[in-house]
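Asks: Let me give you the structure first, and then I'll get to my questions.
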Amino acid sequence: TQLLEQSPQFLSIQEGENLTVYCNSSSVFSSLQWYRQEPGEGPVLLVTVVTGGEVKKLKRLTFQFGDARKDSSLHITAAQPGDTGLYLCAGRNRDDKIIFGKGTRLHILP
Amino acid sequence: DTAVSQTPKYLVTQMGNDKSIKCEQNLGHDTMYWYKQDSKKFLKIMFSYNNKELIINETVPNRFSPKSPDKAHLNLHINSLELGDSAVYFCASSQGTGRTFFGQGTRLTVV
């Protein structure tokens, strides 16, 4: 069974700090996506990375896909209370199935 | 206009009942999904339909039966509901392997 391990599971930091969330697997994925989910809502796609080593930036968020396409990271610079939410990584495997990680619950304290 | 809409948003029912959740997408996508998110927020795919045909059926009890009357709809019927079925169920759609759009979820509580 393919698994995507996300770490940390929970993270509570002060506004203005930087943080990194990790998504790791022993399996290769053809692409990997990061979603953010707010309470009572469905996940919303933030980014898709496809190429090993790829880096994408979305304002203060930087996403990186590992060279071997087995892992990814999400780095947030100068976190703001609006960044609070559940961050999910999801990888697409060779069978075109999307496997989700268990999520990182991020809380930014004002 | 909501891209992927599912109803109801909340569903509270007793054990043993049969219930349905409806999903519609107005994006013209050819693929629709049902996901289950448990209390620990783990999101797991249940079914995937492409052009009304079942293409993914994960290990889900056969009490769960999806029905796709057309490309824009994928309903989920659940028979003989059990306590462990309590979760948030998300409908989603995509055009092939493109971006997946999720509905707002249906919170099912079985008592």
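The values are calculated or read from the model by the stated rules, or taken from the named source; none is laboratory data. Every value quoted in this text rests on a predicted model; they were computed, and no experiment measured them. Reconstructed Cβ throughout: ideal geometry from the backbone, glycine too, with neighbour counts over all protein chains shown. Surface areas here come from the heavy atoms of the whole protein model, side chains and all, with no ligands, DNA or RNA. Shrake-Rupley method; radii C 1.70, N 1.55, O 1.52, S 1.80 Å.
Asks: For the range B:20-83, max minus min Cα coordinate along each principal axis, in Å, sorted largest first?
Replies: 34, 24, 19
Asks: Within the range A:6-39, list the residues whose amide N lies under 14 Å from a label point set 7 Å along Cα→Cβ of A:A68.
Replies: Only A:24-29 pass the distance filter.
Asks: May I pose another question? Take each of the peptides B:95-108, A:10-23, average the number of other beta-carbon atoms within 10 Å over its residues, and list them starting from the highest.
Replies: Most protected by this proxy first, the peptides run B:95-108, A:10-23.
Asks: So, with +1 on the Cβ of K and R and -1 on the Cβ of D and E, and no other charges, what is the size of the charge dipole of chain B about its Cα centre, to the nearest 20 debye?
Replies: 220
Asks: While we're here: Using Cα pairs under 8 angstrom and six or more residues apart, how large is the relative contact order of chain B, in percent?
Replies: 37
Asks: A further question on this structure: Which whole number gives the average, over all residues in A:25-35, of C-beta atoms from other chains lying within 10 Å of the residue C-beta?
Replies: Average per residue, whole number: 1.
Asks: Which of rounded, prolate, oblate describes the range A:29-110, given a ≥ b ≥ c as roots of the alpha-carbon gyration tensor eigenvalues and a/c under 1.5 marking rounded, otherwise prolate only if a/b is larger than b/c?
Replies: Since a/c reaches 1.5 but b/c is at least a/b, the shape of the range A:29-110 is classed as oblate.
Asks: Could you tell me the convex hull volume per residue, in Å³, taken over the Cα atoms of the protein assembly as shown?
Replies: Spelled out: Cα convex hull of the protein assembly as shown, divided by residues, is 122 Å³.
Asks: Spin-label point model (7 Å from Cα, Cβ direction): what's the B:E58 to A:L3 distance in nm?
Replies: With each label point 7 Å from Cα toward Cβ, the separation is 1.5 nm.
Asks: Please provide three numbers in whole Å: the alpha-carbon extents of chain B along the principal axes, with the largest listed first.
Replies: Result for chain B: principal-axis Cα extents of 37, 27, 25 Å.
Asks: Over chain A, what is the relative contact order in whole percent, taking alpha-carbon pairs under 8 Å and six or more residues apart?
Replies: 36
Asks: In nanometres, what is the gap between the two model label sites at B:K22 and A:L45, each 7 Å from Cα along Cα-to-Cβ?
Replies: 2.7
Asks: Could you work out how far the C-alpha centroid of the range B:56-111 sits from that of the range A:15-33, in angstrom?
Replies: Each part's Cα centre sits 27 Å from the other's.
Asks: Pulled fully out, how much extra length does the chain show between A:H75 and A:F10, if you take 0.36 nm times their separation in residues and subtract their Cα-Cα distance?
Replies: That pair, A:H75 and A:F10, stretches by 21.9 nm at full extension.
Asks: Oh, and also: Work out the mean other chain Cβ neighbour count within 10 Å for the residues of A:82-92 and drop it here as an integer.
Replies: Shielding by partners across A:82-92 averages 1.
Asks: Over all residues in B:35-46, what is the mean tally of Cβ atoms on other chains that come within 10 Å of each residue's Cβ?
Replies: The shielding value for this peptide is 4.
Asks: Please list B:R63, A:R69 in order of solvent-accessible area, largest first, computed with a 1.4 Å probe with all protein chains present.
Replies: A:R69, B:R63
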